[in-house]
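Down below is the structure, laid out as structure tokens.
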Amino acid sequence: MKVAALAGGIGAGKFLRGLTRIVPGPDLTVIVNVADDVVVHGLHVSPDPDSVTYWLGDVFDRGRGWGRRNESFRATQELRTIDPDAAWFGLGDLDLATHLFRTGRLAAGASLSEVTASIARRFGVGARLLPATDDRVETRIECVAQLTGEPLDLHFQEYWVRRAARDRVKGVRYDGAVEAVPAPGVLASIAEADLIVVCPSNPVVSIGPILAIPGVRDAVAARRRAAVGISGIVGGGPVSGMADKLMPAVGIEVTAAGVAEHYRELLSAWLLDDVDRGLIPRVESSGIRCAATDTIMVDDDRAEAVARAALALLT
Ligand code: FO1
């Protein structure tokens, strides 16, 4: 069975550890968001591809929620002593090797797809990992500064990490998306998959930028009958991250049903958490088959159970 999954960072990483138990090796293609990518100290950092790689390679730091286990932050601390303002994005020493490798290869002319595949190979990732595009797409958060009320136009990482998501969000843009081209294999993997899975990822800053790349949304919509999603919103809030602050600004209700309705033209099945079971009739009234399970993936066994429940909705 061939599966194509659309993925962001932490929620996708957890879920994909379960899915890879059912769909091993290259039968699983993971199409990952790159609009969170940021250049820090001249280094190209790809948080979502790295999260998925580290989760599947079993080196992710579950406690911190980003980066690798057992790494130190001595270089970042040293940078902070030189310029406290500049080192707002923490780079662990092991993670740093990934960014050094990526930046060097990109400068030498390699594509992001090639570099992503090399890094995934190093971590023994069996699934095929594709960046959504090799082109630059950047999520910009338009907001109002918490203290001064001045309008701000921030890179997503400046909004989330540097300013700790404290500013009032007015809108979200995906700069570069309209000119971007899907990375090699993205459209074909969606067209050829037996099943398409939208991971429990942020609909605004993870899945949104993937769908904004010309051709991707239409490719998924054309496969709607084979597409299932898992809600990353549980009990009216995100399991992790800041989706609740961004969704209202783009008109998505912060509930598992709100996300399902947002995807209604793309998916024919939706898995939500047991606590949201009461929303099943509402989701089904939008023409989406819906079921509930415990979606809080505390370990790989639970992630596998979630993956099985999602696939069962369509098979
Ligand atoms: N998140 C933070 O809250 N603080 C950080 O300093 C930070 C550094 C960082 C470095 C590499 C990386 O791949 C991710 C990093 N993240 C950090 C996580 C990241 O900002 C977001 O959680 C994702 O972009 C959202 O998917």
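The values are calculated or read from the model by the stated rules, or taken from the named source; none is laboratory data. Keep in mind it's a predicted model, so treat the numbers as computed, not measured. Cβ sites come from the backbone with ideal geometry, for glycine too, and all protein chains shown count toward neighbours. These accessible areas exclude ligands, DNA and RNA; they are computed on the full protein's heavy atoms, side chains included. Shrake-Rupley method; radii C 1.70, N 1.55, O 1.52, S 1.80 Å.
Observations, loosely collected:
- Just one residue in the set Ile196, Ile252, Ile210 is touching a residue at least 12 places away in the same chain (Cβ under 8 Å), under 29 Å from Arg140 (Cα atoms) and part of a loop (DSSP other than H, G, I, E, B); that residue is Ile252.
- Among the residues of region 175-205, those that are open to solvent by 10 Å² or more (accessible area, probe 1.4 Å) and within 12 Å of the ligand (Cβ to nearest atom) comprise Ser201, Asn202.
- Val144 vs. criteria within 16 Å of the ligand (Cβ to nearest atom) and under 25 Å from Gly241 (Cα atoms): no
- Residue check for Gly241: surrounded by fewer than 16 Cβ atoms within 10 Å (Cβ to Cβ), of a type outside the set (Lys, Arg) and at positive phi: no
- Breaking point among (1) surrounded by fewer than 18 Cβ atoms within 10 Å (Cβ to Cβ); (2) of a type in the set (A, V, I, L, M, F, W, C); (3) more than 21 Å from the chain's Cα centre (by Cα), for Ala221: (3)
- Residue within region 27-41 that is more than 30 Å from Leu267 (Cβ to Cβ) and touching a residue at least 12 places away in the same chain (Cβ under 8 Å) present: yes
- Helices (runs of 4 or more DSSP H) (entirely within region 1-117) containing at least 2 residues that are crowded, with 24+ Cβ neighbours inside 10 Å and touching a Leu at 6+ places or on another chain (Cβ under 7 Å): 10-22, 47-56
- In the condition set (1) within 15 Å of the ligand (Cβ to nearest atom); (2) of a type in the set (S, T, N, Q); (3) over 21 Å from Val34 (Cα atoms), Asn70 is compliant with all but (1).
- Residue count, region 244-262 (criterion: within 19 Å of the chain's Cα centre (by Cα) and surrounded by 22 or more Cβ atoms within 10 Å (Cβ to Cβ)): 5
- Residue match in region 267-278 (condition: touching a Ser or Thr at 6+ places or on another chain (Cβ under 9 Å), under 20 Å from Leu19 (Cβ atoms) and among the aromatic types (Phe, Trp, Tyr)): yes
- Scanning region 275-315 for residues being among the acidic types (Asp, Glu), in a helix (DSSP H, G or I) and farther than 20 Å from Tyr263 by Cα gives a total of 3.
- Cβ separations smaller than 6 Å between residues 6+ apart or across chains give the following pairs from region 3-17 residues that are within 13 Å of the ligand (Cβ to nearest atom) to residues that are part of a helix (DSSP H, G or I) and of a type in the set (Phe, Trp, Tyr): Gly13/Trp55.
- Inclusion of Val172 among residues that are part of a strand (DSSP E or B), open to solvent by less than 50 Å² (accessible area, probe 1.4 Å) and farther than 19 Å from Val137 by Cβ is not warranted.
- The residues of region 127-169 that are closer than 30 Å to Asp27 by Cβ, open to solvent by 30 Å² or more (accessible area, probe 1.4 Å) and part of a strand (DSSP E or B) amount to a single one, Arg128.
- When Ile210 is tested against (1) farther than 30 Å from Arg69 by Cα; (2) within 14 Å of the ligand (Cβ to nearest atom), only condition (1) is not met.
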